[in-house]
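> Got a structure here, written out as structure tokens. Questions coming.
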Amino acid sequence: ATPAKNVLVFPNNKNIILAAEQTIPMVKDRNVVIVPTRTIPQGMTALLNFDSEISPESNAQLMMDAATGVGTGLVTFAARNSEFGGKKIKEGDIITEKNPVKAVVKLAKNMVTRDTSFITLIYGNDISEEDAKTAFNELSDKFGSRTDVTLVKGDQPVYYFILSVE
């Protein structure tokens with residue numbers, strides 16, 4: 001429904017990329033370019049690198065080049081009873097920790113390297129602002145001297161936290 005003649009699509013999910021690509025021949029009245037981002041943080045970084053002075057195809061390449069440097073971590077709950085790494089997990093449990101704040105801090109410790117410049121913490125609709133600020137403060141205390149740490153209210157369902165590391 002957009003009046004735009006050029007449309008960039010960010011699937012932000014590896015399972016959606018193929019479906020997005022299949023829309024290209026179906027659209028006859030505009031140019032559709034798929035930027036094959038696999039996660040929301042990749043899509044956000046890609047968008048930050050948009051250049052209105054270059055072609056959509058060149059933009060797609062530029063944006064994907066930026067997106068490939070983004071690591072993504074997710075904190076969610078088990079959808080059913082299962083087992084992971086020899087540990088039994090009950091439906092509704094967080095896989096690595098009982099507390100989502102502890103889980104995201106542990107996740108960050110495993111993802112952040114000495115080359116990391118940016119950490120973005122996106123908190124979901126099941127996380128209170130107080131818990132989000134606690135997680136942000138812990139990450140800032142641990143990594144803030146050498147990285148920029150940003151907190152974003154995402155209100156996403158399913159994921160307590162989406163962690164972006166660049």
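The values are calculated or read from the model by the stated rules, or taken from the named source; none is laboratory data. Just so you know, these numbers come straight off a predicted model, no measurement behind them. Here the Cβ positions follow ideal geometry from the backbone for every residue, glycine too, while neighbour counts run over all protein chains shown. Keep in mind that these areas ignore ligands, DNA and RNA; they rest on the heavy atoms of the full protein, side chains included. Shrake-Rupley method; radii C 1.70, N 1.55, O 1.52, S 1.80 Å.
> Output the 0 to 90 degree angle, nearest 10, between the alpha-carbon long axis of helix 129-143 and the longest principal axis computed from the alpha carbons of the chain.
Around 90 degrees separate the two axes.
> On average, how much area does the Cα convex hull of the chain cover when viewed from any direction, in nm²?
Taking a quarter of the hull surface, the average projection is 11.8 nm².
> How would E53, E97 line up by accessible area, probe 1.4 Å, largest first?
Of E53, E97, the descending order of accessible area is E53, E97.
> For every other residue with a beta carbon closer than 13 angstrom to the beta carbon of F136, add +1 if it is Lys or Arg and -1 if Asp or Glu, then tell me the sum.
-3
> Next up: Can you give me the three principal axis dimensions of the range 1-74 from its C-alpha atoms, in Å, biggest first?
Projected onto its principal axes, the Cα set of the range 1-74 covers 37, 29, 18 Å.
> Within straight cross-link reach of K5, meaning Cα distance under 28 Å, which lysines are found once same-chain residues fewer than 8 apart are removed?
Correct list for K5: K14, K28.
> What accessible area per residue comes out for the range 34-131, rounded to a whole number of Å², with a 1.4 Å probe?
That works out to 60 Å² per residue.
> Given charges of +1 on the Cβ of Lys and Arg and -1 on the Cβ of Asp and Glu, with all other atoms neutral, how large is the dipole of the range 17-166 about its Cα centre, in debye to the nearest 20?
600
> Excluding V35 itself, calculate the net charge of residues whose Cβ lies under 12 Å from the Cβ of V35, where each Lys or Arg counts +1 and each Asp or Glu counts -1.
-2
> Restricting everything to alpha-carbon atoms, can you work out Rg to Rh for the range 78-166 with a Kirkwood hydrodynamic radius?
Rg/Rh: 0.99.
> Between A1 and D115, how high is the FRET efficiency from 1/(1 + (r/R0)^6) when r is the Cβ-Cβ distance and R₀ = 30 Å? Nearest 0.05.
0.10
> I'd like the trypsin sites (Lys or Arg not before Pro) in the range 22-131 restricted to DSSP loop residues with at most 15 other Cβ atoms within 10 Å, sorted by number.
K28, R30, R80, K90, K98, R114
> Which of the trypsin sites (Lys or Arg not before Pro) across the range 130-166 are loop residues per DSSP, with 13 or fewer other Cβ within 10 Å?
Passing both the DSSP loop test and the Cβ count: R146.
> Can you tell me the length gained on complete extension of the stretch S52 to F84, counting 0.36 nm per residue apart and subtracting the Cα distance?
Here the answer is 7.0 nm.
> What is the sum of charges, Lys and Arg at +1 and Asp and Glu at -1, for the other residues whose Cβ falls under 14 Å from the Cβ of I122?
Every neighbour counted, the sum reads -3.
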